[in-house]
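Engineer: Please see the structure below; I have some questions.
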């Protein structure tokens, strides 16, 4: 009964039909799932490793695991957060093998967005914006792994706080705290470039 409700809700998500077909053994359907989501999975893996070859290997490992666990996916739920939950587990496990003390614990604070200056780009500012983007990328790379992962899921993959909490299996408050602290670190790292003296 509950599954039927989930199935009915899932009809609005085109991925549900692909999941059903893949579960029935349709390798083409699974290939379409991979094609649709592999960039998102690669983005998470790359942001966690900053190594394209390692990110490619992790992406393949993620989709092998997805194939094996496809029958555990609850039809009617969004597919992308479920895939990214698997991707984050695979990446975290890979990083833990390299660095045993990976995850930091944090307190409880409220989150606020990074407010980058909004400008209308003209020909003179294009190079400056590219420079700021490069500095931002380097600053993100300097974040601890758990902060970098949350920044990636929120600002690159545009997941909601709730989806990030589900993907990382963390309390919502912890997600907000880590994102807040990640943003604060980014502000400090970018202060010389953005002229922020906080």
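Engineer: For the stretch 148-162, how many residues are outside any loop (DSSP other than H, G, I, E, B) and within 24 Å of residue 50 (Cβ to Cβ)?
Structural biologist: So in the stretch 148-162, the residues outside any loop (DSSP other than H, G, I, E, B) come out as 148-156, 161-162.
Right, trim to within 24 Å of residue 50 (Cβ to Cβ) and you get 148-156.
Count: 9.
Engineer: I'd like to check something: does the stretch 158-171 contain any residue that is at pLDDT 85 or above, more than 16 Å from residue 80 (Cβ to Cβ) and crowded, with 21+ Cβ neighbours inside 10 Å?
Structural biologist: No, that holds for no residue.
Engineer: Find the residue count for the stretch 47-68, including only residues that are assigned to a helix (DSSP H, G or I) and in contact (Cβ under 8 Å) with a residue 60 or more places away in the chain. Steps first, please.
Structural biologist: Restricting attention to the stretch 47-68, the residues satisfying the condition of being assigned to a helix (DSSP H, G or I) are 47-49, 52-68.
Now restrict to residues that are in contact (Cβ under 8 Å) with a residue 60 or more places away in the chain: 47-48.
Residues flagged as assigned to a helix (DSSP H, G or I) and in contact (Cβ under 8 Å) with a residue 60 or more places away in the chain within the stretch 47-68 amount to 2.
Engineer: Would you check if residue 192 is at pLDDT below 85 and in contact with a helix residue (DSSP H, G or I) (Cβ under 7 Å, 6 or more places away or on another chain)? Talk me through it step by step, then tell me what you get.
Structural biologist: Numbers: at pLDDT below 85: yes; in contact with a helix residue (DSSP H, G or I) (Cβ under 7 Å, 6 or more places away or on another chain): no.
Criteria not met by residue 192.
Engineer: Yes or no: residue 77 in contact (Cβ under 8 Å) with a residue 60 or more places away in the chain and either out of contact with any helix residue (DSSP H, G or I) (no Cβ under 6 Å at 6 or more places or on another chain) or part of a helix (DSSP H, G or I) (or both)? Don't jump to the end; show me each part of the working.
Structural biologist: On the way: in contact (Cβ under 8 Å) with a residue 60 or more places away in the chain: yes; either out of contact with any helix residue (DSSP H, G or I) (no Cβ under 6 Å at 6 or more places or on another chain) or part of a helix (DSSP H, G or I) (or both): yes.
When the stated conditions are applied, residue 77 passes them.
Engineer: From 28, 35, which residue is without any contact (Cβ under 8 Å) to a residue 40 or more places away in the chain, in a helix (DSSP H, G or I), assigned by TED's automatic domain parsing to the domain that holds residue 87 and over 29 Å from residue 151 (Cβ atoms)? Break it down into steps so the answer makes sense when it comes.
Structural biologist: Numbers: 35 fails: over 29 Å from residue 151 (Cβ atoms).
Among 28, 35, only 28 is without any contact (Cβ under 8 Å) to a residue 40 or more places away in the chain, in a helix (DSSP H, G or I), assigned by TED's automatic domain parsing to the domain that holds residue 87 and over 29 Å from residue 151 (Cβ atoms).
The values are calculated or read from the model by the stated rules, or taken from the named source; none is laboratory data. Computed from a predicted model, the values in this text were never measured in an experiment. So basically every Cβ, Gly included, is an ideal-geometry build from the backbone, and we count neighbours across all protein chains shown.
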